[in-house]
Amino acid sequence: MKSDNLSNYGFNTWKKLSELREEDIPEKPGVYVLRLNKTFGRLIGKSDILYIGSTKNLRRRIWENYIEGGENQKGTAKRIHDYLTKKGYLNEVEVSWVIHENYREVERKLREDYENDHHELPPWNRQK
């Protein structure tokens, strides 16, 4: 699964994280995908999808957790913030989101489709 296969889910507009503004992101529930600006190998095939997630507030998750970060962060939010800021991926990652009330179900379906295609989850969905 590559990000260009996600248009049937409504992921049509991609924004570079380094150029994103807080006000660009809606304060609504939805599903979001982080993609790299190139494809990389998976157990089966290739993909550019780094992470598939969902939240009840897209702005808080994407902007406050991943881009701004915070001293008290832990878990996935800290890991992704560190990848973006400390490991230099901020200029190489784009995000797209779809506003959806049933965001958890859509996220589950996307992860299931990804895992069926590649026999593993996106790399940033994994726990360290």
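The values are calculated or read from the model by the stated rules, or taken from the named source; none is laboratory data. Just so you know, these numbers come straight off a predicted model, no measurement behind them. Please note: Cβ atoms are built from the backbone with ideal geometry, for glycine as well, and neighbour counts cover all protein chains shown.
A few points about this structure:
- Note on the stretch 46-76: residues that are at pLDDT 95 or above and of a type in the set (Gly, Ala, Ser) total 3.
- Top-ranked residue in the stretch 89-104 [being under 9 Å from Val31 (Cα atoms) and aliphatic (A, V, I, L, M); ranked as surrounded by the most Cβ atoms within 10 Å (Cβ to Cβ)]: Val98
- Cross-chain or 6+ apart pairs with Cβ under 6 Å, the stretch 23-45 first and in contact (Cβ under 8 Å) with a residue 24 or more places away in the chain and surrounded by 12 or more Cβ atoms within 10 Å (Cβ to Cβ), then polar (S, T, N, Q) and part of a helix (DSSP H, G or I): Arg35/Ser3
- Scanning the stretch 18-60 for residues that are within 21 Å of His100 (Cβ to Cβ) and among the hydrophobic types (A, V, I, L, M, F, W, C) turns up Leu20, Ile25, Val31, Val33, Leu34, Ile49, Leu50, Ile52, Leu58.
- One residue stands out among those in the stretch 43-59 that are charged (D, E, K, R) and out of contact with any Asp or Glu (no Cβ under 6 Å at 6 or more places or on another chain): the one that is nearest to Leu90 (Cα to Cα), which is Asp48.
- Positions within the stretch 1-37 being part of a strand (DSSP E or B) and of a type outside the set (Gly, Ala, Ser), in sequence order: Lys15, Lys16, Val31, Tyr32, Val33, Leu34, Arg35, Leu36, Asn37
- Residue list for the stretch 77-110, restricted to those being among the basic types (Lys, Arg), at pLDDT 95 or above and more than 11 Å from Ser54 (Cα to Cα): Lys109
- Residues of the stretch 47-78 satisfying the condition of being β-branched (Val, Ile, Thr) and in a helix (DSSP H, G or I): Ile62, Ile67, Thr76
- Residues of the stretch 79-111 that are in contact (Cβ under 8 Å) with a residue 24 or more places away in the chain and assigned to a loop (DSSP other than H, G, I, E, B): Tyr89, Leu90, Asn91, Glu92, His100, Glu101.
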